[in-house]
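Encoded as structure tokens, the structure appears first; notes follow it.
Any read-out appearing in this document is the output of simple, stated calculations on the displayed coordinates, not a laboratory observation. No experiment lies behind these values; they were computed from the predicted model shown. Neighbour counts are summed over all protein chains in view; Cβ atoms, including those assigned to glycine, are modelled from backbone coordinates with ideal geometry.
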Amino acid sequence: MLKDQIIQYIRTNQKADGIILFGEELEYLENHQLAADVQVVEGDASTRFTDAYIERCDKETENMIRNESSAFLSEPLAYLKKHKNEFLYLESKWFDLVNVDAISLEADDVFGTYDVMLGLKVQKKFEKVLKEQLDSSLHGGEAKFDLIFSHEDGLWNLNFALNYVEGFHEEMTIGQAIQLIYRFLFKLVEVVEGNKN
């Protein structure tokens, strides 16, 4: 799963002067003794999603309002509360590593939380470990997450409130929020991989 994705990413993107990886991948390589023959350059986390595909969309119609450049990532996360009729849709090669095609992010009209929605490509048999990990890693009172397996798509529809992820703060930028979401998903998939037996 995660191991195979990271190894494949390195094989595909390795250049003569090394490969740029970020904190999560570097830590993973070290923890699993996979970094021996890989020349790695540590990337600045704030640049991870500079090549992401970003859309601002209308919640009601799901139509795209505008395609945004990476400059939009420096907008405050509170942008979504000021524009409650919008949600963000993001695709990135980095999401492939954690078995996610794309994420959506919006401000919840009722609870005022920042909700993350995605499809997680993890087998149904991992339901127990997924729920346990989500329960222990999301800190909050109300319903912290929704997790439903789609037999049609063969993936988990996962929704969770970013507000309950450790490291969240209201003053963060959209880019920092996306980094936090990625880190959260990376750890989630890593725990699932560790429980595959």
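For this structure, a couple of remarks:
- Percent RCO, i.e. relative contact order, over the stretch 132-180, from Cα pairs under 8 Å lying at least 6 residues apart: 29 percent
- Per-residue ³J(HN,Hα) for the stretch 92-98, Karplus 6.51 cos²θ - 1.76 cosθ + 1.60, θ = phi - 60°, Hz, x for Gly and Pro: 7, 4, 5, 5, 4, 4, 9
- Cα-centre dipole for the stretch 49-194 with unit charges at Cβ (Lys and Arg positive, Asp and Glu negative), debye to 20: 280 debye
- Structural descriptor for the chain: relative contact order 19 percent, calculated from alpha carbon pairs under 8 angstrom and at least 6 residues apart.
- Cut-off under 5 Å, modelled amide H: who pairs with Val40 long-range: Ile19
- CD proxy at 222 nm, helix term only [per DSSP H run n ≥ 4: -39500 (n - 2.57); per residue of the chain; nearest 500]: -9500 deg cm²/dmol
- Annotation: amide H of Asp101 within the under-5 Å range of Gly119, sequence separation 5 or more or interchain, hydrogens built in the peptide plane.
- Along the axis of the charge dipole computed for the stretch 2-42 (Cβ charges of +1 for Lys and Arg, -1 for Asp and Glu, origin at the Cα centre), the listed residues Leu2, Val41, Ala16 are led at the positive end by Ala16.
- When the Cα positions of His139, Gln176, Asn163 are compared along the charge dipole of the chain, His139 comes out farthest toward the positive end, with charges on each C-beta of Lys, Arg, Asp and Glu.
- For the stretch 2-42, diffusion coefficient by Stokes-Einstein and Kirkwood Rh (Cα), 37 °C, 0.692 mPa s, µm²/s: 324 µm²/s
- Sequence-ordered 3J(HN,Hα) estimates for the stretch 9-16 from the Karplus curve with 6.51, -1.76 and 1.60 and θ = phi - 60° stand at 4, 5, 4, 6, 10, 5, 10, 4 Hz, glycine and proline given as x.
- Kirkwood Rh and Cα Rg combined as Rg/Rh, the stretch 81-156: 0.98
- Per DSSP, loop GluC sites (Glu not before Pro) in the stretch 94-197 with at most 13 further Cβ within 10 Å: Glu142, Glu152, Glu166, Glu170, Glu171
- A cut-off of 5 Å between modelled amide H atoms, ignoring neighbours fewer than 5 places along the same chain, links Ile65 with Arg56, Cys57, Asp58.
- Backbone HN-Hα couplings from phi across the stretch 75-80 [Karplus 6.51/-1.76/1.60, Hz, Gly and Pro as x]: 5, x, 4, 4, 3, 5
- Once the Kirkwood radius over Cα pairs is known for the chain, the Stokes-Einstein relation at 10 °C and 1.306 mPa s delivers a diffusion coefficient of 90 µm²/s.
- For the stretch 2-42, a crude dipole built from +1 on the beta carbon of Lys and Arg and -1 on the beta carbon of Asp and Glu, taken about the Cα centre, is about 200 debye to the nearest 20.
- In the structure shown, the pairs Lys144/Lys187; Lys84/Lys121; Lys128/Lys187; Lys84/Lys131; Lys3/Lys187; Lys82/Lys144 are assessed against 19 Å; a Cα-Cα span above that value is assigned to Lys84/Lys121; Lys84/Lys131; Lys82/Lys144.
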